[in-house]
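The values are calculated or read from the model by the stated rules, or taken from the named source; none is laboratory data. Note that the structure is predicted; figures quoted are calculated from it, not measured. Using ideal geometry, Cβ is built from the backbone for each residue, glycine included, and neighbour counts are taken over all protein chains shown. Surface accessibility is based on the protein's heavy atoms, side chains included, excluding ligands, DNA and RNA. Shrake-Rupley method; radii C 1.70, N 1.55, O 1.52, S 1.80 Å.
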Amino acid sequence: MDEARVLENYSYEDYLDIAHSTEERVELILGDIHMMAGASALHQDVVGSIFFFLKSISKGKQKCLPRIAPFDLELTINDTINVVQPDVMLFCEEEKPCAIFEVLSPSTALKDKTVKKELYEKSGITEYFLVNAEYGVIDTFILVDGKYKYVGAFGGEDELPIECLESSIKLEEVFTPF
């Protein structure tokens, strides 16, 4: 599948039926089913690098644990269950992640920048990172008074601050090919 598809007006029960009847990865966001396309090698390399560095940094933090997709994350908004598979999540002493990284791809960029950002904001996810693997840039958002505030774009030799970990990642290492 080259493009992600959207099916509208579905319940959590509909999602479960669809998820169990297909081998494709699907997400349920605000009543819409999103069929997910496969990831590129670059996408997977960057996801792996982010996970590796988060895992390395979080070893010193007893209750922080990174996870990568496929991993179903259930977020409830106004009694509506949403199920998403963020590329990378960081859990620190909470049932929901304190930080989410979405690596943009042609089939997911619009969804990641709009409906998923809105869902994470409404769910109280403290930090949201939009990763452009092609250009080696990460846009950072932090939750302030229930709304995401744009912190800035980081790339090149920048260090990406991650408040959940009270640490940072050197981006040249994340985007440097092996």
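Can you give me the number of residues within region 41-68 that are more than 16 Å from the chain's Cα centre (by Cα) and among the hydroxyl-bearing types (Ser, Thr, Tyr)? Residues in region 41-68 being more than 16 Å from the chain's Cα centre (by Cα) and among the hydroxyl-bearing types (Ser, Thr, Tyr): 2 in total.
Count of region 133-160 residues, restricted to those that are without any contact (Cβ under 8 Å) to a residue 12 or more places away in the chain and closer than 15 Å to residue 54 by Cβ, is 0.
Out of curiosity, is residue 4 closer than 28 Å to residue 160 by Cα and either open to solvent by less than 70 Å² (accessible area, probe 1.4 Å) or modelled with pLDDT of 85 or more (or both)?
Numbers: closer than 28 Å to residue 160 by Cα: no; either open to solvent by less than 70 Å² (accessible area, probe 1.4 Å) or modelled with pLDDT of 85 or more (or both): yes.
Judged against the criteria, residue 4 is not a match.
Just need a number here: residues in region 119-139 that are open to solvent by 50 Å² or more (accessible area, probe 1.4 Å) and small (Gly, Ala, Ser). Within region 119-139, residues that are open to solvent by 50 Å² or more (accessible area, probe 1.4 Å) and small (Gly, Ala, Ser) number 0.
Looking at 49, 56, 107, which is the one that is farther than 24 Å from residue 168 by Cα and of a type in the set (S, T, N, Q)?
Values: 49 fails: farther than 24 Å from residue 168 by Cα; 56 fails: farther than 24 Å from residue 168 by Cα.
After ruling out the rest, the residue left standing is 107.
Residues of region 20-30 that are free of Cβ contacts under 8 Å to residues at least 60 places away in the same chain and either of a type outside the set (Gly, Ala, Ser) or open to solvent by less than 40 Å² (accessible area, probe 1.4 Å) (or both): 20, 22, 23, 24, 26, 27, 28. Just so you know, in region 147-159 the residues that are at pLDDT below 95 and open to solvent by less than 60 Å² (accessible area, probe 1.4 Å) include one that is farthest from the chain's Cα centre (by Cα), and it is 156. A Cβ distance below 6 Å, combined with a sequence gap of six or more or placement on separate chains, defines the contacts here; from region 101-124, residues that are more than 17 Å from residue 72 (Cβ to Cβ) and touching a residue at least 60 places away in the same chain (Cβ under 8 Å) reach no residue that is open to solvent by 50 Å² or more (accessible area, probe 1.4 Å) and of a type in the set (Phe, Trp, Tyr).
Consider region 83-94 and keep the residues that are under 12 Å from residue 125 (Cβ atoms) and of a type outside the set (A, V, I, L, M, F, W, C). The one that is most open to solvent (accessible area, probe 1.4 Å) is 94.
Here is a list: 169, 142. Which entry is surrounded by fewer than 20 Cβ atoms within 10 Å (Cβ to Cβ) and under 25 Å from residue 58 (Cα atoms)? So that I can check it myself, show each step before the final result.
Numbers: 169 fails: surrounded by fewer than 20 Cβ atoms within 10 Å (Cβ to Cβ).
After ruling out the rest, the residue left standing is 142.
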